[in-house]
Amino acid sequence: MKHLFCLLANTLAALSAVMMLSLAGCAVNPVTGKREMMFDSPAQDIATGTQNYLPSQQSQGGQYVVDQGLTAYVNKVGKKLAAVSDAPDLPYEFVVLNNDTPNAWAMPGGKLAINRGLLVQLEDEAQLAAVLGHEIVHAAARHGASAKAQQVLVGAGVVLAGVAISTKKPEYAVLSVGALGVGANAWNSKYSRDHESISDKYGIKYMVKAGYDPQAAVELQELFVRMFEKQDPGWLQGLFASHPPSRDRVAANRAELTQYPKGGARNKAAFEHAIAQIKEDKAAYKNYEDSMKAAKDKQYDKAMSLVDSAIAQQPKENLFWEMKGKLLLQQDKNQESIPALDKAIQANPAYFSPYIYRGMAYKELGNSNLAEHDLIASQRLLPTQMASEQLGDIALAKGNRSAAAAYYQQVIEGGGESGERAKAKLAQIQQ
Ligand SMILES: [Zn+2]
């Protein structure tokens, strides 16, 4: 169907230059060599990835910073695979996200991410190579551009390559921050079944070319099927939303292996060394998760004691300090929340949310200059409804009605409960 459309477009294009402009949208897939509908150029792919990469990371826990060696290791494995891919010249980047959900994704232009929560489930470097190889194919084969073209063809309108603004609260937040704008969501481009099987197939090819044992790709799909059958909610939200596992995929991967010689590198020792810290910190992250659950149930004392245990176990984890700061803030212990939030920011200055909470604490304490400073710092990392609303309140208190109105307008555009609240505030200004 796609192919036919391309042929038709080519024929019409030959007839009319004007028509050629309107139908320009066929490109040769760099991985499969087939002609496909794509409206975006490779340069646009790279721009889309570059524009959305940081906000997507921010909205999913930010980068994991406790052990920088882990990110270096994932990059080394990823770059090795990318170098033997069909698009070795993309500006590839690989990050480890500080997120418990087992997930991995690839943006157009070669911007990839893998969550801490997926890494702990894997057994060796070959399995990591299976995850990264699969994701590299999505980028190399330009599946984002192709999915976008299909959406256009079925009349879904031009969605910016699948990026939508999530109204879901991030699972790690006690208070909803409501990210605004493009790129704030998980990269959930719904790849088709075709894209998935192409990624499986060529991912295996890249693994073999890089020297890895492709059997790990079968094991990975088996792991996914096992987790899917357990209906683990973390897995359902994460990887399976975009990569539905099935016994068919296991079988297809197994069949794919028959064309390659058996064996290859597993690098189990190197992998175990690389993930040693996150394995060691498993109990700390469990305490942190339980602390969030307790806070949701309004059991704040229990939540505080759990997060204190997590901090004692791993004092370098910014999320633990942020949680402590948020809990203190929620109990109106504004002054006491500041040192905890300072620790969170020192541990990972490139993560947006502790700036919001510290800004709120300063605002409550009447220090509007420091509050503004922090809230603006957070907006630079990830624009959120929460920070815009706080900034609107501060501007209003300073008598700057037009600035306040502009901030409230941003909150309104984000919708939801805070959008409604901002509407009421804006209406009051305009009276
Ligand atoms: Zn996939």
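For segment 329-343, check the following and say yes or no: at least one residue is in a helix (DSSP H, G or I), small (Gly, Ala, Ser) and out of contact with any helix residue (DSSP H, G or I) (no Cβ under 8 Å at 6 or more places or on another chain).
no
Can you tell me which condition Met1 does not meet? The list is (1) surrounded by 18 or more Cβ atoms within 10 Å (Cβ to Cβ); (2) at pLDDT below 95, and all the others hold.
Of everything listed in (1) surrounded by 18 or more Cβ atoms within 10 Å (Cβ to Cβ); (2) at pLDDT below 95, Met1 misses just condition (1).
Go over the candidates Ala82, Ala87 one by one and state the one that is more than 15 Å from the ligand (Cβ to nearest atom), more than 20 Å from Ala265 (Cβ to Cβ) and over 19 Å from the mean Cα position of the chain (by Cα). Spell out the reasoning first.
Details: Ala82 fails: more than 20 Å from Ala265 (Cβ to Cβ).
Unique residue meeting the criteria: Ala87.
Starting from residues that are in a helix (DSSP H, G or I) and surrounded by fewer than 17 Cβ atoms within 10 Å (Cβ to Cβ), keep the ones in segment 344-367 and report whichever is modelled with the highest pLDDT. So that I can check it myself, show each step before the final result.
In the first step, residues of segment 344-367 are kept if they are in a helix (DSSP H, G or I); the result is 344-347, 353-364.
Remaining after also requiring surrounded by fewer than 17 Cβ atoms within 10 Å (Cβ to Cβ): 346, 364.
Details: Gln346: 98, Glu364: 95.
By that ranking, first place goes to Gln346.
Considering only residues that are in a helix (DSSP H, G or I), closer than 29 Å to Glu196 by Cα, among the small types (Gly, Ala, Ser) and more than 16 Å from the ligand (Cβ to nearest atom), which ones fall in segment 239-297?
Ala251, Ala255, Ala270, Ala274
Please enumerate the residues belonging to segment 298-326 that are part of a loop (DSSP other than H, G, I, E, B) and either among the polar types (S, T, N, Q) or closer than 16 Å to Ser353 by Cβ (or both).
As a first pass, look at segment 298-326 and keep what is part of a loop (DSSP other than H, G, I, E, B): 298-299, 314-317.
Gln299, Gln314, Glu317 - these are the residues of segment 298-326 that are part of a loop (DSSP other than H, G, I, E, B) and either among the polar types (S, T, N, Q) or closer than 16 Å to Ser353 by Cβ (or both).
Looking at the structure I just gave you, is Ser166 within 16 Å of the chain's Cα centre (by Cα) and either at pLDDT below 65 or surrounded by fewer than 19 Cβ atoms within 10 Å (Cβ to Cβ) (or both)? Give the derivation first.
Numbers: within 16 Å of the chain's Cα centre (by Cα): yes; either at pLDDT below 65 or surrounded by fewer than 19 Cβ atoms within 10 Å (Cβ to Cβ) (or both): yes.
Yes.
All but one of (1) over 28 Å from Leu54 (Cα atoms); (2) surrounded by fewer than 20 Cβ atoms within 10 Å (Cβ to Cβ) hold for Leu328, so report the exception by its number.
Status for Leu328: all satisfied but (2).
Which ones in segment 95-118 are without any contact (Cβ under 8 Å) to a residue 40 or more places away in the chain and away from the ligand (no atom under 16 Å from the Cβ)? Before you say what the answer is, go through the steps one by one.
Here is the first cut: in segment 95-118, the ones without any contact (Cβ under 8 Å) to a residue 40 or more places away in the chain are 95-96, 112.
Of everything in segment 95-118, those that are without any contact (Cβ under 8 Å) to a residue 40 or more places away in the chain and away from the ligand (no atom under 16 Å from the Cβ) turn out to be Val95, Val96.
For segment 51-67, state whether one or more residues are in contact with a Lys or Arg (Cβ under 7 Å, 6 or more places away or on another chain) and more than 30 Å from Gln313 (Cα to Cα).
So far as segment 51-67 goes, yes, one or more of its residues are in contact with a Lys or Arg (Cβ under 7 Å, 6 or more places away or on another chain) and more than 30 Å from Gln313 (Cα to Cα).
Would you mention how many residues in segment 169-216 are surrounded by fewer than 22 Cβ atoms within 10 Å (Cβ to Cβ), at pLDDT 95 or above and in contact with a Leu (Cβ under 7 Å, 6 or more places away or on another chain)?
Number of matching residues: 2.
If Tyr92 satisfies all but one of (1) hydroxyl-bearing (Ser, Thr, Tyr); (2) over 30 Å from Gln385 (Cβ atoms); (3) in contact with a Phe, Trp or Tyr (Cβ under 9 Å, 6 or more places away or on another chain), what's the number of the condition it fails?
The single condition Tyr92 does not satisfy is (3).
Can you name every residue in segment 119-146 that is within 18 Å of the chain's Cα centre (by Cα) and within 13 Å of the ligand (Cβ to nearest atom)?
Within segment 119-146, Val131, Leu132, Gly133, His134, Glu135, Ile136, Val137, His138, Ala139, His143, Gly144 qualify.
The values are calculated or read from the model by the stated rules, or taken from the named source; none is laboratory data. Just so it is clear, the structure is predicted and the values come from calculations on it, not from any experiment. Please note: Cβ atoms are built from the backbone with ideal geometry, for glycine as well, and neighbour counts cover all protein chains shown.
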